[in-house]
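Worksheet: the structure to be examined is printed underneath.
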There are 2 protein chains.
Amino acid sequence: MENKLAVGIDIGGTSLKGIILSSDGRSSDFTRMPTEAAQGGHKVLENLLKLIGIMLEKSGDLAAVLGIGIGTPGFIDSAGVAGGGSENLPGWRGTPIFQEVQKKYNLPVTGGNDVTLATLAELKYGVGKGIPNFVYFALGTGIGGGIVINGKLYRGSHGMAGELGHISVDPEGLPCNCGQRGCVEQYASGTGIVNLALSMSAKNNRESPFSKLVKQNPGAVTAELVYHYVAADDPVALIVHHRASRMLARALGITVNVLSPDMIVLGGGVMKSGKLIIETVDQYVPEYCFPEIYRHCTIAKAKVGENGGALGAAIRVFDEFSSLEFP
Amino acid sequence: MENKLAVGIDIGGTSLKGIILSSDGRSSDFTRMPTEAAQGGHKVLENLLKLIGIMLEKSGDLAAVLGIGIGTPGFIDSAGVAGGGSENLPGWRGTPIFQEVQKKYNLPVTGGNDVTLATLAELKYGVGKGIPNFVYFALGTGIGGGIVINGKLYRGSHGMAGELGHISVDPEGLPCNCGQRGCVEQYASGTGIVNLALSMSAKNNRESPFSKLVKQNPGAVTAELVYHYVAADDPVALIVHHRASRMLARALGITVNVLSPDMIVLGGGVMKSGKLIIETVDQYVPEYCFPEIYRHCTIAKAKVGENGGALGAAIRVFDEFSSLEFP
């Protein structure tokens, strides 16, 4: 059988990422360029089209390319128009993504939410392979989510399901830019953990090496820094870790009671340094669900990593534009 | 084609209900007898076996009966043993339901959680017919739930999914007998509404005909009574109604963000008198989810009613023990 190719693109707040996936299941030519999000939606589109051009050239065989898959933060409707939930791409909402790409390259275009597509990559290549029902929490700048039901990505009738970062774990809690209060991403995303570190260090009477550092240079605090100090048993960093883990456990518990997943996958940038989160969250989850249901669920770290969005976008191309049974 | 029959049984805290469903889609011989739950699990089992005997006799054609379906409160494992979550049936946990029925009647036995089966009935005969993705909240003594994904009942790998009544809407709130705090059933079930009525009438400085009545005879308060006074614009009854509706809206909002359902079905005893709940909850839900997702969702009242559990149990018999495409 002739080898077919798919181009997958992931639009991130910082970088655009591209990948080429072959019908034999191998991916190659991972490419990255700056999003230049601050220059507005038009610039992002310009860069997106540029990266697609580069990827098509790298493919070496335009006739073999089945189509282009695009992952974007936030919502995207079935016509490929960017919707809400993409706050870190100012001016992106309303961009007719599919139409613009189709116009320029005359190839079939598909796509979806970036984390939904990363979930698809986790299902086909990652820790979710062979798992019938799982949920994916991507702990990044915000928290994105994805759901797999009966071995298939579940997107809902309008491609919008899986907003797991906006499960409210404290309805009177911190305001979220989605309009709700107490969304789990306010506590357990990278941004949430940094904010917890700032407030805990300001409030807490206990002095610690970590809280001293935070007060000296609040602008330099990252989730990675927090977990560096957690590893050193810093008492204030540990308070931040336990608070973030408990709030995350509440959201996980809700997904356990609702979906009874076989697995909860935790991924995203925070998990690079915060491996400890799995162990701690696992202790808290039974307080926030039926332990009888949770008994059948394990928490696992995502495997595919930062290429997940682009890879998932390319997988989607095969799913939609070919009858190939993808390996 | 020869007509086949299924017996469906619903084990309720007060009544056992039986139904006979024919492969032409018609149901008949609805029968009810007391559960006598207070006399313990053995008595419930004795009554269950008795009712099955009555239903088999009513079928008139034992050879046409494909099997027996049983709906039970709480969990039931794949071998048909009752698990947790059935607090209103003391001594029921651990009963090997399928095995006992099989031993006595030598017919195939299946079953599941009562509300999960009522969701199946709603999907085949009710307001959920033709709806790809919906969630069902049964507002009864507690709150049960069911989930339909891609036109099929979703039960999770272990038949335990859909515990929508135990979505926590206030993690620091009222303790629930499931072990969590602030479960939505503590506020929006029949019991929850009565408890709100008692506490609001005790606390509130505002006097009203309703609060007077509650203080005089707290034992006579029911959700139906609350909604009788809501209809008359009683100010304290209205506070209870809005509080219950807001808490319910929080749980509904979470299911919207997670599953993006096309429909939320509200059923159960509370909805007999509380039709107003739909209207009020519909106003609150957008505060607790992405309005952009909720735009694609409608709230509807369940249609099948109190026979849903037994009917769903009978439908399950056809699904499992025949290759008939059920009408």
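With the requirement that a residue be touching a residue at least 40 places away in the same chain (Cβ under 8 Å) and at the interface with another protein chain (Cβ under 9 Å from one of its Cβ atoms), what does segment B:171-182 give you?
Correct list: B:Cys178 only.
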Seminar exercise, completed: Inside segment B:183-195, the number of residues satisfying the requirement of being within 11 Å of chain A (Cβ to nearest Cβ) and out of contact with any Leu (no Cβ under 7 Å at 6 or more places or on another chain) is 1
Problem set entry | Flag if B:Gly41 is surrounded by 14 or more Cβ atoms within 10 Å (Cβ to Cβ) and under 19 Å from B:Leu117 (Cβ atoms) | no
Exercise. Within segment A:103-115, can one find any residue that is over 15 Å from the mean Cα position of the chain (by Cα) and among the charged types (D, E, K, R)?
Worked result: yes
Seminar exercise, completed: Conditions (1) over 23 Å from the mean Cα position of the chain (by Cα); (2) closer than 26 Å to A:Glu122 by Cβ -> A:Ile20 fails only (1)
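Return the residue satisfying two criteria in turn: it lies in segment A:287-308 and is away from chain B (no Cβ under 14 Å) and β-branched (Val, Ile, Thr), and of such residues it is surrounded by the fewest Cβ atoms within 10 Å (Cβ to Cβ).
Per the stated criteria, the residue is A:Ile299.
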Exercise. Do we find a residue being within 11 Å of chain A (Cβ to nearest Cβ) and surrounded by fewer than 24 Cβ atoms within 10 Å (Cβ to Cβ) anywhere in segment B:162-170?
Worked result: yes
Exercise. Among the numbered criteria (1) part of a loop (DSSP other than H, G, I, E, B); (2) buried (at least 24 other Cβ atoms within 10 Å of the Cβ); (3) over 13 Å from the mean Cα position of the chain (by Cα); (4) within 12 Å of chain B (Cβ to nearest Cβ), which single criterion is violated by A:Ile131?
Worked result: (2)
Seminar exercise, completed: Here the residues within segment A:239-261 that are of a type in the set (A, V, I, L, M, F, W, C), without any contact (Cβ under 8 Å) to a residue 40 or more places away in the chain and buried (at least 24 other Cβ atoms within 10 Å of the Cβ) are A:Ala249, A:Val258
For this session: Output the residues belonging to segment A:266-286 that are farther than 23 Å from A:Val194 by Cβ and buried (at least 17 other Cβ atoms within 10 Å of the Cβ).
Result: A:Asp282, A:Val285, A:Pro286
For this session: Name the one entry in A:Leu248, A:Leu311, A:Leu266, A:Leu259 that is within 10 Å of chain B (Cβ to nearest Cβ) and modelled with pLDDT of 95 or more.
Result: A:Leu259
Exercise. Can you tell me which residues in segment A:84-103 are within 12 Å of another protein chain (Cβ to nearest Cβ) and without any contact (Cβ under 8 Å) to a residue 12 or more places away in the chain?
Worked result: A:Gly84
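Of everything in segment B:84-93, what is surrounded by 21 or more Cβ atoms within 10 Å (Cβ to Cβ) and within 15 Å of A:Glu292 (Cβ to Cβ)? Give them in sequence order.
Matches in segment B:84-93: B:Gly85, B:Ser86, B:Trp92.
The values are calculated or read from the model by the stated rules, or taken from the named source; none is laboratory data. Note that this is a predicted model, so its numbers are computed, not measured. Because the Cβ atoms are built from the backbone with ideal geometry, glycine has one as well, and the counts that use them run over all protein chains shown.
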